[in-house]
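To start, the structure itself, in structure tokens.
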Amino acid sequence: SRGDSEQSADRDCRLAIRSLFKMKPSAAAEADELFATAFATSPRGLYLAWRAQCLTIMKAERYSYNSDALKEQAEALCAHALELEPNNAMVLATVANTQGQLFRNHESSYGLAKRAVQLNPSNPMAWWALSSSSVYIGDTDASLRHAIKASRLVTTLPNKFWWDNQLFGSALVAGKLKLALAYAKECQDQNPRFRPPLRYLVALYANMELKRDAEKAMSLLQDLAPDFSVGRLVSDKAYPAS
């Protein structure tokens with residue numbers, strides 16, 4: 001029945017989100033398949049938008065290297081998702097993230113995120129997207145405010161580290177280095193396999209001349225990402241901490 005199909009699709013979507021936030025290549029691939037299965041069962045824009053978010057994370061974390069094919073797929077997913085559910089805050093928020101993080105369409109990302117917050121001010125991903133996009137349009141103070149708002153909405157979620165990731169990023173670009181360090185450490189404690197806080201911890205510790213802490217963060221990062229090097233962190237604009 002239609003009700004059973006919708007329940008099955010929602011279950012697959014929840015499982016996919018859980019897998020995606022394990023932040024491992026195999027789990028991300030599993031999430032991608034589950035989002036696709038959810039859409040095949042019940043054709044909602046939400047599942048397509050989450051799948052685009054999944055591809056964005058795969059690219060940012062370098063799980064997938066066929067960049068052109070991935071971008072083409074994500075672009076089609078975003079367009080179809082917005083066509084099917086143009087007033088769903090989660091659709092708008094995840095598409096905003098894809099537009100900003102994958103395509104660098106920052107004005108579009110900001111507009112979508114702003115509308116997501118207007119439609120559902122209780123949606124933490126909408127605030128995350130607005131925080132992220134605010135950085136790129138140059139409003140760093142607003143970015144930190146939005147990140148704090150998002151974080152407060154997810155206090156009890158197991159994947160809170162994802163929101164804390166935006167917190168330390170926003171604090172960093174706002175020039176609040178001690179705050180950024182505290183948030184990055186908290187984020188890393190919650191999910192030791194999550195690479196972004198380690199990248200920034202290397203830089204923050206080095207900047208504060210905490211050599212032993214910087215070396216420890218570097219060692220952990222090299223275990224998780226064999227392609228990591230300090231040279232790439234400093235000079236490779238394509239590296240995901242530029």
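The values are calculated or read from the model by the stated rules, or taken from the named source; none is laboratory data. The shown structure was predicted, so the numbers you read here are calculated from the model rather than taken from an experiment. FYI the Cβ positions are ideal-geometry reconstructions off the backbone, even for glycines, and counts take in every protein chain you see. Side chains are part of the model used for accessible areas, which takes the heavy atoms of the whole protein and leaves out ligands, DNA and RNA. Shrake-Rupley method; radii C 1.70, N 1.55, O 1.52, S 1.80 Å.
Brief remarks on what is shown
- Pairs of Lys residues in the chain, spaced 8 or more positions apart or belonging to different chains, with C-alpha separations under 19 angstrom: 17 in total.
- Estimated 222 nm signal from helices in the chain, with DSSP H stretches of n ≥ 4 weighted -39500 (n - 2.57), rounded to 500: -24000 deg cm²/dmol
- With the convex hull of the Cα atoms taken as the outline of segment 85-211, the averaged projected area works out to 7.6 nm².
- Segment 40-80: chymotrypsin sites (Phe, Trp or Tyr not before Pro) in DSSP coil with no more than 12 other Cβ atoms inside 10 Å: Tyr65
- Given the choices [x] 12.4; [y] 14.3; [z] 13.3, mean projected area of the Cα convex hull in nm² derived from the coordinates of this structure is entry [x].
- Of the solvent-accessible surface of the chain, computed with a 1.4 Å probe and all protein chains present, 50% belongs to carbon and sulfur.
- Near Asn159: Cβ cut-off under 11 Å, other residues only, Lys/Arg at +1 and Asp/Glu at -1. The net charge is +2.
- Candidate residues Ile57, Ile137: accessible-area rank, largest first, probe 1.4 Å: Ile137, Ile57
- Overall, the anisotropy analysis places segment 22-104 in the oblate class: the square-rooted eigenvalues a ≥ b ≥ c of its C-alpha gyration tensor yield a/c not less than 1.5, with a/b not exceeding b/c.
- Accessible-area value, Glu186, 1.4 Å probe, nucleic acids and ligands omitted, Å²: 80
- Counting only heavy atoms of the protein chains and using a 1.4 Å probe, Phe39 has close to 50 Å² of accessible surface.
- Rounded if a/c under 1.5, otherwise prolate or oblate - segment 119-186, Cα gyration tensor axes: oblate
- Where the chain is the region considered: accessible area per residue in Å², 1.4 Å probe: 49
- Principal semi-axes in Å for segment 48-158 [√(5λ), Cα gyration tensor, largest first]: 22, 15, 14
- Near Leu204: Cβ cut-off under 14 Å, other residues only, Lys/Arg at +1 and Asp/Glu at -1. The net charge is +3.
- Local net charge near Met23, Cβ-Cβ under 15 Å (Lys/Arg +1, Asp/Glu -1): +3
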